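Okay, so here's the structure we're looking at.
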Amino acid sequence: MVVLDLNMGEMGGLDTPGFLRGDAEFKKVPMIVLTVEPLQRIIREVLTWKIDDYLIKPVNMKKRQERLAVHLGA
């Protein structure tokens, strides 16, 4: 599983999903993005990158565990 923060450094969370999905090794790896902005525009855009899920910061730990379990099949 890959968990990305949209506010990352050099490459940035907006570029990374497309880069990773272009690599055969990451095509089926679950990806979750973290964002501080719960804006519908960002959420819609993120989901077009074939991201599996998103979490709004600050992250609720119970919600995080539930989402991880869903995507890891636990």
Inset, instruction - Would you be able to say whether some residue in region 4-11 is at pLDDT 80 or above and touching a Gly at 6+ places or on another chain (Cβ under 6 Å)? - result: yes
Legend entry - Selection within region 55-74 - more than 22 Å from Lys28 (Cβ to Cβ) and among the charged types (D, E, K, R): Lys57, Lys62, Lys63
Legend entry - Subset of region 12-61 (residues that are within 21 Å of Leu72 (Cα to Cα), crowded, with 16+ Cβ neighbours inside 10 Å and at pLDDT below 70): Val46
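The values are calculated or read from the model by the stated rules, or taken from the named source; none is laboratory data. In this text, all values refer to a predicted model and were calculated from it rather than measured experimentally. Heads up, the Cβs are rebuilt from the backbone with ideal geometry, glycines too, and the neighbour counts pull from every protein chain shown.
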